[in-house]
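Structure, as structure tokens:
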Amino acid sequence: MEKSESTFLGTEKISVLMKKFAIPSIIAMLVSALYNIIDQLFIGQSVGIDGNAATNIAFPLTTSCIALALLFGIGGASCFNLSMGSGDSKRAAYFAGNSSTMLFLSGFLLMIVTELFLHPILSLCGAEGGIVEDYAAVYVRITAIGFPFMILTAGGGHIIRADGSPQMTMVCNIAGAIINIILDALFILVFNWGMAGAALATIIGQIVSAIIVICYLRKYKTVKLTMKHFIPRFSEIRRIALLGMASCFNQITMMVVQIVMNQLLSHYGEISKYGATTAIAVAGIVMKVFQVFFSFIIGLAQGSQPIESYNYGAKKYDRVRGALWMTLGLGGILSFVAAIAFQVFPEQILSLFGKGDAAYVEFGVKFFRIFLLAIVINFFQPIVATFFTSIGKAYKGVFLSLTRQFIFLMPLLLIFSYLWGLDGIMYAAPMADVCAFIVTIIMMGLELKKIKALEKQESCVAV
């Protein structure tokens, strides 16, 4: 490995590194989010509200794939960069190889479970029979085949980024997305294959992306990966999972919240003037649009991960702080822009996903404005949670990942919906955002004090 390849994370300007890593990372995450939103756009225009409701029923399974991708992808990337920063390139190779193996194996296992227990899973996700469950069953039965490839692509992108090639991560995702868009238009609009066409387009794009990831891993730059590095070793897998837990748990709690919210929307929507199908369809659209915004924030956080991990391992604490503050600043700007867009243009955004009656539009606009009311501060918690993972503080990252979704949003959904029905579901989200923001500020401040103390300690040793 050339010296320049192993040390540029510790010597190049933070702003240059953020540009190099964050922009491709944002694009890669954005494209990943578009896999779902593109399907919903085509389905909304061709199948209608029932099709959109079906994709929302299936969405928790996509979230579970992302959870596994982050568990072994972010975990493996963090372990790799921390090892490289401390000079242990030998073990770093095992982290890269083992994480890649676990990505594919976990996807294969999830595929088997989904195919065997499809209808119980859909029922758990909020399906209650009828045409919506039929659409969801067709869609998931096919997309489950692509789970191993989806997880390998999403998680493998982090391993590629850790190798100093964020542009290649972007290429992997863009290639699959372009194929998905083309085939969506062909299968849905030309062949009229509906839900099955959307599902087929998705998995073909995912397979192409996964092939690109595999080809890259064969020619890894900073360390040479051989077959022995891909054979699972418990010590490496344990460490990978430990550092990936924060990001994984964040997705798992999102999945649980989605399932609970679907059940609540079905129940309270049925007794409202809007109806269950409209409530579920609108919530699905808002959540997927939110995922597009969130892709920018997570892309920023993941772009800063190699910088923070390497420099923390190399004990260059001023650079660690610099990367964190720059990431938070950029995240704040993006969140402000998103907050304006969701408050001013909700009806225009909703119209992209197909037409509906007056009640559908009314509820959609209301859901957008209330559910995403506090999005201007929503960036803080995921960025700081990723920061804790990047510096090896796994348990703190896990706790912070649980705050917004599980500790605050889940009970607020149950309590507020009981008190105020559909309105309660909407107002639970901004309240959870505020609570998570306060906890994040406190935890970040305490950690930065510890880093400052470490920096002084290193200065004394150097003298």
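The values are calculated or read from the model by the stated rules, or taken from the named source; none is laboratory data. All values reported here derive from a predicted model rather than from experimental measurement. All Cβ positions, even for glycine, are placed from backbone atoms using ideal geometry, and neighbour counts span all protein chains on display. The accessibility values were calculated without ligands, DNA or RNA, using every heavy atom of the protein model including side chains. Shrake-Rupley method; radii C 1.70, N 1.55, O 1.52, S 1.80 Å.
Decide, for the range 171-261, between rounded, prolate and oblate: order the square roots of the alpha carbon gyration tensor eigenvalues as a ≥ b ≥ c, take rounded if a/c falls under 1.5, and otherwise choose prolate if a/b is larger than b/c, else oblate.
On the way: a/c = 3.28, a/b = 1.40, b/c = 2.35.
Verdict is oblate for the range 171-261.
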Using a cut-off of under 15 Å, list every residue of the range 359-378 whose amide N is near the label point 7 Å from the Cα of Lys273 along the Cα-to-beta-carbon line.
359-367
Please list, ordered by chain and number, the residues whose modelled amide H lies under 5 Å from the amide H of Ser272; skip anything fewer than 5 residues away on the same chain.
none
Taking R0 as 51 Å and r as the Cβ-Cβ distance between Lys228 and Gln343, the FRET efficiency 1/(1 + (r/R0)^6), rounded to the nearest 0.05, comes to 0.40
Below 8 Å, C-alpha to C-alpha, sequence gap of six or more: please give me the relative contact order for the chain in percent.
24 percent
Excluding residues fewer than 8 positions from Lys273 in its own chain, the lysines with Cα under 21 Å of it are Lys355, Lys366
Using a 1.4 Å probe, what is the accessible area per residue for the range 222-284, in Å²?
42 Å²
Full-extension gain between Lys90 and Ser351, please, as 0.36 nm times their residue separation minus the C-alpha to C-alpha distance.
88.6 nm
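Going down the list Lys20/Lys456; Lys19/Lys228; Lys221/Lys316; Lys219/Lys393; Lys393/Lys456; Lys19/Lys221, which pairs span over 28 Å between their C-alpha atoms?
Working: Lys20/Lys456 30 Å; Lys19/Lys228 34 Å; Lys221/Lys316 24 Å; Lys219/Lys393 31 Å; Lys393/Lys456 20 Å; Lys19/Lys221 20 Å.
Correct reply: Lys20/Lys456; Lys19/Lys228; Lys219/Lys393.
Determine the gain in length on full extension of the stretch Arg218-Trp325; use 0.36 nm per residue of separation and subtract their C-alpha separation, reporting nm with one decimal. Each step should come with its number before you reach the end.
Details: separation 107, 0.36 × 107 = 38.52 nm, distance 3.53 nm.
The span from Arg218 to Trp325 would gain 35.0 nm if fully extended.
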Mean-position separation - Cα centroids, the range 28-102 and the range 203-258, in angstrom
9 Å
Less than 14 Å apart at the alpha-carbon level, and either on another chain or at least 8 residues along: which aspartates and glutamates does that give for Lys396?
Glu447
For helix 147-162, report the angle its Cα long axis makes with the longest principal axis of the Cα atoms of the chain; keep it between 0 and 90° and round to the nearest 10°.
30 degrees
Pair Thr11, Ala196: separation of 7 Å Cα→Cβ label points (nm):
5.9 nm
How big is the gap, in Å, between the Cα center of the range 355-371 and the Cα center of the range 400-449?
23 Å
Rounding to the nearest 20 debye, state how big the charge dipole of the chain is about its Cα centre with +1 on each Lys and Arg Cβ and -1 on each Asp and Glu Cβ.
1960 debye
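Which of the three applies to the range 322-437, rounded, prolate or oblate, going by the alpha-carbon gyration tensor with a ≥ b ≥ c and a/c under 1.5 meaning rounded?
Details: a/c = 2.97, a/b = 1.52, b/c = 1.96.
In terms of gyration-tensor shape, oblate.
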Leaving ligands, DNA and RNA out of it, work out the accessible area of Arg141 with a 1.4 Å probe and give it in Å² to the nearest 10.
100 Å²
With axes computed from alpha carbons, what is the tilt in degrees of helix 49-85 against the longest principal axis of the chain, rounded to the nearest 10 within 0 to 90?
0 degrees
Among Val223, Phe345, Val16 the positive-end extreme of the charge dipole of the chain (Cβ point charges):
Val223
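How do 45-51, 250-256 rank on mean C-beta neighbours within 10 Å, highest first?
Values: 45-51: 20.0, 250-256: 21.9.
Output ranking for 45-51, 250-256: 250-256, 45-51.
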Determine the share of the chain's accessible area contributed by carbon and sulfur atoms, expressed in whole percent, with a 1.4 angstrom probe.
70 percent
Length released on extending from Glu128 to Arg238, taking residue separation times 0.36 nm less the Cα-Cα span
35.7 nm
With an 8 Å Cα cut-off and a minimum separation of 6 or more residues, compute the relative contact order for the range 279-408 in percent.
33 percent
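Based on the Cβ-Cβ distance from Gln457 to Leu109, what FRET efficiency comes out when R0 is 56 Å, to the nearest 0.05?
Values: r = 44 Å, r/R0 = 0.79.
After rounding, the FRET efficiency stands at 0.80.
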